[in-house]
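So the structure is just underneath, and the comments pick up after that.
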Amino acid sequence: MKENFTFDPIEHVYTLDGKPLTGVTMILGVIAKPALVPWAAKMVVEYIKDNGLFNDTEETYEITIKQLEEAKNAHRKKKEDAGEKGTDLHALAEGYIGLCIQENEGLPMETCPEGIERLRDWAKANNIKFLASEKRLFSKTWWIAGTCDIVFEQKGKKFIGDIKTYAKIWDRVPFFQAAGYASMLEEMGEKGDEPIAGYCILRLSKDGSFEEKWSYDTIGDTKAFFACVELYRQLKTFKI
């Protein structure tokens, strides 16, 4: 019997035969992000300065409990606003890649939305052929799921690509994410005859900057991803 794999875009929940699967991004949340701590503190200070709560002449602060609460959550608001803008850019990239697949045999088209030019230029310069965009994947073995941004081909080899819209690629975690997608693609029988050759992370920023990072250590990245899966499962078993 064929599995019933679905995705609810409103709740952002993947299900298999009516049972929820664990998302890849949730699993990778077990990895600490120490750089976010000083950034969150910086957002508090900026909120206080930007909202006129600092008196430069007397060098004193005048702030209410309510304003302190707002300052405490300033980083969350900043992250949500950036996420909305990033989502718009991501959607444009998704639409462009989908159009390349539908109308140009996966090859990069010259015409593209504003803000996606660097992605188009990268694809042309690297002889990229897009094979899939926003591909929903799942693993019945590990009971996980996710959405792969890009599957593409370069010089006859197949790669997994992931688009990020934040300011900087901080670590190797996006490669672990791509490795998870590759494993699910293989389990679903859609990898093809050749193994996935590597992973490419593309940073498409709102300020127009562009960055690419490649990993060919597919074994190491895959081990790291499933170590996160195991850690996530073990942490979920803890009860006070």
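Rounded to the nearest 0.05, what FRET efficiency is calculated for A91 and T237 with R0 set to 51 Å and r the Cβ-Cβ distance? Before the final figure, lay out the partial values.
Working: r = 37 Å, r/R0 = 0.73.
Approximately 0.85, to the nearest 0.05.
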Calculated log₁₀ intensity ratio I(q)/I(0) where the Debye formula runs over C-alpha points of the range 107-240, q = 0.11, 0.12, 0.16 Å⁻¹: -0.42, -0.50, -0.84
Cα centroid of the range 155-180 to Cα centroid of the range 214-232, whole Å: 12
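Restricting to DSSP loop positions (anything but H, G, I, E, B) with no more than 16 other Cβ atoms inside 10 Å of their own Cβ, which chymotrypsin sites (Phe, Trp or Tyr not before Pro) remain in the range 113-190? Walk me through the numbers on the way to the answer.
Working: sites: W122, F130, F138, W142, W143, F152, F159, Y166, W170, F175, F176, Y181; in loops: W142, W143, Y166, W170.
Those satisfying the criteria are W143, Y166, W170.
Please give the FRET efficiency for V30 paired with Q154, using the beta carbon to beta carbon distance and R0 = 30 Å, rounded to the nearest 0.05. Show your work: numbers first, answer last.
Numbers: r = 32 Å, r/R0 = 1.05.
Calculated value: 0.40.
At R0 = 22 Å, how high is the FRET efficiency between D193 and N127 if r is their beta carbon distance? Nearest 0.05 is fine.
For R0 = 22 Å, the calculated efficiency reads 0.60.
Using a cut-off of 13 Å between beta-carbons, work out the net charge of the residues near Y181 (Lys and Arg +1, Asp and Glu -1, Y181 not included). Let's see the in-between values first.
On the way: positive: K135, R136, K158, K191; negative: E134, D149, D162, E186, E187, E190, D221.
That works out to -3.
Each reported figure results from applying straightforward, stated rules to the coordinates on display, with no laboratory input. Just so it is clear, the model here is predicted, and its values are computed rather than measured. Heads up, the Cβs are rebuilt from the backbone with ideal geometry, glycines too, and the neighbour counts pull from every protein chain shown.
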